Amino acid sequence: MTPRLTENHHLLVTGAGGGIGLAIAEACLSEGARCTLVDRAQTPSAGVDELARRFPHTLAYLAADITDGGAVERLLGDAEARHGAIRTLVNNAALFDMAPLLDSDEASFDRLFAVNVRGMFFVMQRVLKRMVGAATPGASVINMASQAGRRGEALVSHYCATKAAVISYTQSAALAMAPHGIRVNAIAPGVVDTPMWAEVDSLFARYENLAPGEKKRAVGLAVPLGRMGTPEDVARVVVFLASDDARYVTAQTLNVDGGNVMS
């Protein structure tokens, strides 16, 4: 099968230290693309190190806090110096938290909106400025939303609101960038089996008085396809949206959730 991405295709993936972000990087590197992986950890994770051994010439890792505008400018300059103009941004970095609505505090609100909305938007804006300035052919942005952005949840109000904002910003950016030939889309994963789910499960156990592991089993069984998703399920859709196969797709949020949300 002919690869859908080439070595001239440079993707910048935020939140790439593990889970979905790392799977996205692996899928794109396997297609032949160049990838800059961004995470806040100064030392790459074991997963990133293993991927770097497999793709020593096409993978670069940069540590940065996406809420710091100066740090973002520096990482974009470093990324382009190593691998050339960014053709696809995968805005994947995000935080999760939950609490009963009446107990939810300002610190949790500020933390989630700083990364999931403010960081997402200004990384996207800075990359889009570079794409417009360079007239990068086939340029695109893929923002990571969530099924949580499609509806409210009693215990997850801040996270749901941040992901609804991602969907809205995706639509606005797509319309703004259409005259420049730049596509902007989002992906809304459902429940995905990543290491983060250990934390999510423990929070549900606390607030819903459940046994450890019970929530994770329940949400998997509730998916119409009968299982939780995998990071690779999401990564495959990223490859499609980044490729020329999706050249007529913009302003969309694609559900990758096993049928949880029908739209």
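Remarks
- If the condition is being out of contact with any helix residue (DSSP H, G or I) (no Cβ under 6 Å at 6 or more places or on another chain), β-branched (Val, Ile, Thr) and within 19 Å of PRO231 (Cα to Cα), then the stretch 1-37 contributes only THR14.
- Taken over the stretch 213-263, residues that are more than 14 Å from TRP197 (Cβ to Cβ) and without any contact (Cβ under 8 Å) to a residue 40 or more places away in the chain amount to 8.
- Number of residues in the stretch 1-16 that are at negative phi and at pLDDT 95 or above: the value is 7.
- Across the stretch 40-90, the qualifying residues are those that are free of Cβ contacts under 8 Å to residues at least 24 places away in the same chain, loosely packed, with under 15 Cβ neighbours inside 10 Å and among the aliphatic types (A, V, I, L, M), and the one among them that is farthest from GLY133 (Cα to Cα) is ALA46.
- Failed item in (1) surrounded by fewer than 17 Cβ atoms within 10 Å (Cβ to Cβ); (2) among the β-branched types (Val, Ile, Thr); (3) closer than 22 Å to ASN255 by Cα, with THR170 passing the rest: (1)
- Residues in the stretch 223-252 that are surrounded by fewer than 21 Cβ atoms within 10 Å (Cβ to Cβ) and among the hydroxyl-bearing types (Ser, Thr, Tyr) were compared, and the one that is nearest to ILE24 (Cα to Cα) is THR230.
- If only residues of the stretch 176-209 that are part of a loop (DSSP other than H, G, I, E, B) and of a type outside the set (Asp, Glu) are counted, the one that is surrounded by the most Cβ atoms within 10 Å (Cβ to Cβ) is GLY190.
- ALA114 being part of a loop (DSSP other than H, G, I, E, B) and either in contact with a Cys (Cβ under 7 Å, 6 or more places away or on another chain) or modelled with pLDDT of 95 or more (or both): no
- Within the stretch 134-154, residues that are within 15 Å of ASN116 (Cβ to Cβ) have Cβ atoms under 7 Å from residues that are modelled with pLDDT of 95 or more and charged (D, E, K, R) in these pairs: ALA145/LYS163; SER146/LYS163; GLN147/ASP257; ALA148/LYS163; GLY149/LYS163, counting only partners at least 6 apart in sequence or on another chain.
- Count of residues meeting criterion [part of a helix (DSSP H, G or I), touching a helix residue (DSSP H, G or I) at 6+ places or on another chain (Cβ under 8 Å) and charged (D, E, K, R)] in the stretch 49-107: 3
The values are calculated or read from the model by the stated rules, or taken from the named source; none is laboratory data. These figures come from a predicted structure and were not determined experimentally. With ideal geometry, Cβ positions are generated from the backbone for all residues, glycine too; neighbour counts draw on all protein chains shown.
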